[in-house]
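The values are calculated or read from the model by the stated rules, or taken from the named source; none is laboratory data. Keep in mind the model is a prediction, meaning the values are calculated, not measured. Cβ sites come from the backbone with ideal geometry, for glycine too, and all protein chains shown count toward neighbours.
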Amino acid sequence: MENIIAINDRKFIKYISKEEISAAVDKVAAAINADYKDDVPLIIVTLSGALIFAAELIQKLTINCRVTAVKLSSYHGGLSSSSKVESLIGITEDIRNQRIIIVEDIVDTGNTYEHMLKLLNEQAPKDVQMATMTFKRETYKKDIPVKYIGIEVPNKFIVGHGLDYQDLGRNLPDIYQLYED
């Protein structure tokens, strides 16, 4: 079946097409363009997963913006999120009184988002918002709002378009979910 792929020891079935993803990117970009038309936000891309979404999103922004990246990790090669978030590469820019947009590939538990907010708020930015390609509302238990959501997904493991399984699959243009046959 052409909609099923294998990555290492697991099978995945196509779940969200690249066309649906593109429409979601357009939606998020339009909202950011409207909200920041009089500002120059700093976009903080979380590596490595958000790289593809961020590149597409930034190209569709008509506002001026600055871009930087951080590397954080809460997944450790498996199918579930770890509750421990490790900061691997930090922010070097002065963000005092700056408007910040964090760009993520997925928000599920919210642990990474919460950790990033804690680190960023220590530097007194003007405000911080989240833009995510995918959002798992049923697993998100934080009181922190996620302002820009591309696509809401159920609590299933997904891969592709930046999302990985054991560091593989990020380059897939579509999003696949774990296939249980």
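For this structure, a couple of remarks:
- Scope the stretch 94-114; condition more than 14 Å from the chain's Cα centre (by Cα) and either modelled with pLDDT under 95 or outside any strand (DSSP E or B) (or both); matching residues: Asp94, Ile95, Arg96, Asn97, Gln98
- Being without any contact (Cβ under 8 Å) to a residue 60 or more places away in the chain and surrounded by 11 or more Cβ atoms within 10 Å (Cβ to Cβ) is a property that does not hold for Ala34.
- When Ile151, Ile100, Ile91, Ile144 are checked against the criterion of being under 28 Å from Asp35 (Cα atoms) and in contact (Cβ under 8 Å) with a residue 60 or more places away in the chain, a single residue qualifies: Ile151.
- Residue tally, condition closer than 20 Å to Ile21 by Cα and either in contact with a Pro (Cβ under 6 Å, 6 or more places away or on another chain) or assigned to a loop (DSSP other than H, G, I, E, B) (or both), over the stretch 137-154: 5
- Residue selected from the stretch 82-93 under the condition of a type in the set (A, V, I, L, M) and farther than 18 Å from Val128 by Cα, by the criterion modelled with the lowest pLDDT: Leu88
- Test: residue in the stretch 120-135 that is assigned to a helix (DSSP H, G or I) and crowded, with 17+ Cβ neighbours inside 10 Å: yes
- Taking the listed residues Leu72, Leu79, Leu61, the one that is modelled with pLDDT under 90 and surrounded by fewer than 20 Cβ atoms within 10 Å (Cβ to Cβ) is Leu79, with no other qualifying.
- Within the option set Lys37, Lys60, Lys27, being touching a Gly at 6+ places or on another chain (Cβ under 9 Å) and among the charged types (D, E, K, R) holds for one residue only, Lys27.
- Residue selected from the stretch 1-42 under the condition in contact with a Cys (Cβ under 8 Å, 6 or more places away or on another chain) and of a type in the set (A, V, I, L, M, F, W, C), by the criterion nearest to Ile175 (Cα to Cα): Leu42
- Selection from the stretch 16-40 of residues that are assigned to a loop (DSSP other than H, G, I, E, B) and touching an Asp or Glu at 6+ places or on another chain (Cβ under 9 Å): Ser17
- Residues in the stretch 28-55 that are of a type outside the set (A, V, I, L, M, F, W, C) and either over 16 Å from Glu104 (Cβ atoms) or over 20 Å from the mean Cα position of the chain (by Cα) (or both): Asn33, Asp35, Tyr36, Lys37, Asp38, Asp39.
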